[in-house]
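Below is one structure, written out as structure tokens, with a few remarks after it.
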Amino acid sequence: MICLQLPLWLQPGAHVCTTALRSIHKLASLQKTKTLPPKKVQSLLYPFSELEAYLDRSVDRTQFQLFHPSIEDMFEAEKLFYSSPSHKINYYISAERMEHVPALKQPEVCFIGRSNVGKSSLIKALFSLTPEVEVRVSKTPGHTKKMNFFTVGKAFTMVDMPGYGHKAPSDFVDMVEPYLFTRKNLLRTFLLVDGSVGLQKADLIALEMCEEIRCPYVMVVTKIDKCGHGSLLTNLLNLQDVVKTQTTSCFPQPFLVSSHQFSGIYLLRCFIAHVTGSIRLKDTSQS
Ligand SMILES: Nc1nc2c(ncn2[C@@H]2O[C@H](COP(=O)(O)OP(=O)(O)OP(=O)(O)O)[C@@H](O)[C@H]2O)c(=O)[nH]1
Ligand SMILES: [Mg+2]
């Protein structure tokens, strides 16, 4: 009889510690990008740089690079995304109504957008240096059903919201609107738009709501790895036009991200650290 020798953790009845099996993605840390070709590093750190070459010379680039921190600043920001005994990164609580929302005092940022746009994946990528923090993603729209709070030490809180639109939870409005309108420590709302389809009707309604709230918000263009440069640029320029002509509370620079390939993740970490007052930018020469 052939007896297959299974590793201890695969033997029946063995207790598998799933967190131990979750490894850190090779591009989760800025440090790891150092071994890549400079052009690749540039596009991972500042994804807009890759699109720039395709833009007509008449297009003003400044709005796309308003927040342009140095690599040193990004390294500083990245430190906040490592969990340690004195700076714990944790899933904190899920809430369906304002009564259940935790009375946290630290600055807060939240992520909204259509269902399936990549909110949970983005938070997962931001927390990829701490893979034991479980952020659930799914290819089925409507997966996130509650407002999920994640604390980053005492520095700030990030909130993953259910999506609107297709298969949104039926109580989406009752859940999310009161939060957005009344949350005192909410410093930024990140409104995510899928880069391959651009602004949709539902996104324009969300944008109008953000304008009504008058709390500063930021557009994030997701899944940029999925679309060709042409369609991404078209959608980006259209978005830029809407931001310019129809908004007053929106940050003029849209952030481009791929949560799968880590493009724009380091820049967004730095922006979150900056807007929550968790770091002071040293090199603002290009900001
Ligand atoms: N190619 C690609 N796919 C992505 C990216 N981000 C997310 N996805 C995929 O998009 C799908 C939805 O991702 P989620 O992060 O769960 O989306 P969500 O916005 O949280 O969705 P709901 O919770 O349902 O509102 C999953 O299949 C992800 O793998 C990305 O950057 N690139
Ligand atoms: Mg989700």
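The values are calculated or read from the model by the stated rules, or taken from the named source; none is laboratory data. Just so we're clear, the structure is a prediction, and the values are computed from it rather than from any experiment. Note that each Cβ is placed from the backbone with ideal geometry, even for glycine, and that neighbours are counted across all protein chains shown.
When residues of the range 91-117 are filtered for being within 12 Å of ligand 1 (Cβ to nearest atom) and either without any contact (Cβ under 8 Å) to a residue 40 or more places away in the chain or of a type in the set (Lys, Arg) (or both), how many remain? Summing the residues that are within 12 Å of ligand 1 (Cβ to nearest atom) and either without any contact (Cβ under 8 Å) to a residue 40 or more places away in the chain or of a type in the set (Lys, Arg) (or both) in the range 91-117 gives 1. For the range 89-98, a residue qualifies if it is of a type outside the set (Gly, Ala, Ser) and surrounded by 14 or more Cβ atoms within 10 Å (Cβ to Cβ), and the qualifying residues are Ile89, Asn90, Tyr91, Tyr92, Ile93, Glu96, Met98. Residues considered: Phe111, Phe64, Phe75. Of these, the only one that is aromatic (Phe, Trp, Tyr), more than 16 Å from ligand 2 (Cβ to nearest atom) and under 22 Å from Leu236 (Cβ atoms) is Phe64. Looking at Gly165, Gly198, just one residue is within 16 Å of ligand 2 (Cβ to nearest atom), under 21 Å from Ser121 (Cα atoms) and surrounded by fewer than 22 Cβ atoms within 10 Å (Cβ to Cβ), and that residue is Gly165. Total residues in the range 140-177 satisfying the condition of being modelled with pLDDT under 95 and either part of a helix (DSSP H, G or I) or closer than 22 Å to Ile24 by Cα (or both): the figure is 6. Taking residues in the range 118-138 that are at positive phi, and partners anywhere that are away from ligand 2 (no atom under 13 Å from the Cβ) and assigned to a loop (DSSP other than H, G, I, E, B), the pairs with Cβ atoms closer than 7 Å and at least 6 places apart or on different chains are Gly118/Lys223.
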